[in-house]
Structure formats: structure tokens, C-alpha cells
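Please read the structure below before turning to the comments.
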Amino acid sequence: MSRLLVCLGMHRSGTSLVARSLKCLGAELGEAAEWSGPDNPTGFWEHQGVLTINEKVLELCGARWDAPPSDLCQTDQYQRPDLIYLRGAAEHLLRRELDQHPIFAVKDPRLCVLMPFWRPIFDGLGCSVSFIQAIRHPEAVAASLQRRDGMSREVSLSLWLRYNRLAIQERAAQANRSLVVDYDIMMAQPAAELSRLAARLDLALDRQEGRRFVSEFMDESLWHEPAEADLPMEVDILWQQLRSEATKP
């Protein structure tokens, strides 16, 4: 049976690094995923077709990644003809990739707020689906978004809370072979974390590809430790929960 690995997480939380690490487990991300930018010089590892569909869905719903209205979580929001057309395009894209690659990985932080759009597609593919939730300390995420977008800490932490809660919901619905990966742990202990990923996802680790991943794609100059600050209670509770899950064997 084909495998679909879905990488979820808040923006600036290491989703790109985690997605790229999945290639060490035999996953393909598609040729359209190998692109980079000034804010992510080691690559986004994000299929441009998936990104284009997600951006279009948000646009048609009058939303943005940083301003997702609550009704995006309602399934009936996606029954409009224009969105049904995009659902067909999304299903065609994934079927084409899975026909070529028995293990295919897809990543885009926007998936967290658009899972009601994607869930019926994943369910209809007839393949095994696993979710990998990438997490990063909320303060580090807020600092990164402030540097890149000038976003306030309050808005960043609110988005961090929402994206991660939605990702948890998807993992809970698909608990089989799904897990949490902490960006800081991956940066500090890449070999051990790759082995953990392989074991939890029941996939073989290509150690040569793992060494290449560490040497070519893990840029420690981009790793910023979070500043010490008191987190809002809701954010701190969720962070501690997720960090605990990320340290499980």
C-alpha cells in the first residue's frame, strides 16, 4: 500500500527541515518542492502545486495564512463549486505523485487550517496516511515572524496556538504511525531523531542519505534559541504537552 506522510505545523516551526528529513526514510516530495527563498535558504521542501491550491482556497474564502477565519474549519464551507473544482485538482495532484512514488510526503503549514478541505481527499486516496507535527518553542516562532513579517508577539502566539491545536486534532483522528517532532531536538540530535522518525513511522532509514541531510541541509546559523519570557498560560500548557510528546521514543 502507498504511504502518504503529511507534515503539519505552525509557520517558522521547522516544517521545512522535518519535511526534508523524510527523504531519508525513502519519501519523495516531488520535483516542484525543491525551491528556496531569502527566508528559507536551505529550501521550503513544499510542493508548489499544493501551495498554489492552498493559497487559492484561502483567497476564495477571503482568508490568509495569518488571518484564517473560524469558519474555515467548517466542512460545509467547501461545498461551493469553485472549491469542489480545486478539490478535484488536489486529488489529481496527489494521485499522480503517489502513482510515481510509493512513499510521498506533503508539507505546507496552511494544511493545519485547511484540513477540512484536504481530509476527504486523503481519505479517498486508498493509502496509509501518517501525520508528522513539527513544533518549535513559541517564543522562537514569534521572534522569527517578527523578523520576517513584523508580526507582533501577541498575534504570533495566537496563531501558534491555533495551528498546533488543529494539528493535534488531525493526529488524534489518525493516531496510527503519527508523531511530534521538535525542531530544536532535530537540530541538536539529528541522527537520533532520524532513527526515532524511522521507528515511529515504520520506515527504513537510509543512513547515507541521513548523513547528506545533516551535512547539507542543517544550517546551525539559522538556529536561534528562544528568548526567556513568560508564555501565556494556554500557550505554555500546550507547549509542555507537545514537548512531552516529542521526547517519547
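The values are calculated or read from the model by the stated rules, or taken from the named source; none is laboratory data. Small disclaimer: the values here were computed from a predicted structure and weren't measured. Every residue, glycine among them, receives a Cβ derived from its backbone with ideal geometry; neighbour counts consider all protein chains shown.
Mind listing just one residue for me: the one in the range 113-165 that is outside any strand (DSSP E or B) and touching a strand residue (DSSP E or B) at 6+ places or on another chain (Cβ under 6 Å) and, of those, surrounded by the fewest Cβ atoms within 10 Å (Cβ to Cβ)? Walk me through how you get there before you give the answer.
Within the range 113-165, the subset outside any strand (DSSP E or B) is 113-127, 136-165.
Add one more test, that the residue is touching a strand residue (DSSP E or B) at 6+ places or on another chain (Cβ under 6 Å), and what stays is 122, 127.
Values: Phe122: 19, Cys127: 16.
Top of the filtered list is Cys127.
For the range 91-112, what are the residues that are crowded, with 19+ Cβ neighbours inside 10 Å and either outside any helix (DSSP H, G or I) or touching a helix residue (DSSP H, G or I) at 6+ places or on another chain (Cβ under 7 Å) (or both)? Break it down stepwise before answering.
We begin by selecting, within the range 91-112, every residue crowded, with 19+ Cβ neighbours inside 10 Å; these are 93-94, 97, 103-112.
Residues satisfying the conditions are Leu93, Leu94, Ile103, Phe104, Ala105, Val106, Lys107, Asp108, Pro109, Arg110, Leu111, Cys112.
Among (1) basic (Lys, Arg); (2) on the phi > 0 side of the Ramachandran plot; (3) part of a helix (DSSP H, G or I), which single condition is Arg177 missing?
(3)
Just a yes or no: is a residue in the range 203-216 closer than 15 Å to His11 by Cα and in contact (Cβ under 8 Å) with a residue 40 or more places away in the chain?
Scanning the range 203-216, I find no residue that is closer than 15 Å to His11 by Cα and in contact (Cβ under 8 Å) with a residue 40 or more places away in the chain, so the answer is no.
Return the residues of the range 186-202 that are free of Cβ contacts under 8 Å to residues at least 60 places away in the same chain and buried (at least 21 other Cβ atoms within 10 Å of the Cβ); say none if nothing qualifies.
If the condition is that a residue be free of Cβ contacts under 8 Å to residues at least 60 places away in the same chain and buried (at least 21 other Cβ atoms within 10 Å of the Cβ), then no residue fits.
If you check Leu197 against the conditions, is it under 19 Å from the mean Cα position of the chain (by Cα), in a helix (DSSP H, G or I) and at pLDDT 95 or above?
Working: under 19 Å from the mean Cα position of the chain (by Cα): yes; in a helix (DSSP H, G or I): yes; at pLDDT 95 or above: yes.
Yes.
Can you list residue pairs whose Cβ atoms sit under 6 Å apart, with the first residue in the range 162-185 being within 14 Å of Lys248 (Cα to Cα) and the second being among the small types (Gly, Ala, Ser) and outside any helix (DSSP H, G or I)? Count only pairs 6 or more apart in sequence or on different chains.
That search, which allows pairs on different chains as well, returns Arg177/Ser130; Ser178/Ser130; Val181/Ala134.
So, in the range 34-61, of the ones that are modelled with pLDDT of 90 or more and touching a strand residue (DSSP E or B) at 6+ places or on another chain (Cβ under 8 Å), which residue ends up surrounded by the fewest Cβ atoms within 10 Å (Cβ to Cβ)?
Across the range 34-61, the extreme among qualifying residues is Leu58.
Among the residues of the range 70-82, is any surrounded by 19 or more Cβ atoms within 10 Å (Cβ to Cβ), under 19 Å from the mean Cα position of the chain (by Cα) and not basic (Lys, Arg)? Break it down into steps so the answer makes sense when it comes.
Kept after step one, since they are surrounded by 19 or more Cβ atoms within 10 Å (Cβ to Cβ), are these residues of the range 70-82: 72, 78.
Okay, now just the ones that are also under 19 Å from the mean Cα position of the chain (by Cα), so 72.
The next check asks that each one be not basic (Lys, Arg); those that pass are 72.
Yes, the range 70-82 contains at least one residue that is surrounded by 19 or more Cβ atoms within 10 Å (Cβ to Cβ), under 19 Å from the mean Cα position of the chain (by Cα) and not basic (Lys, Arg).
How many of the residues making up the range 138-196 are of a type in the set (Phe, Trp, Tyr) and over 19 Å from Asp230 (Cβ atoms)? I'd like the intermediate steps shown before the answer.
Initial filter on the range 138-196 (of a type in the set (Phe, Trp, Tyr)): 160, 163, 183.
If we keep only those that are over 19 Å from Asp230 (Cβ atoms) as well, we get 163, 183.
Residues that pass the stated criteria total 2.
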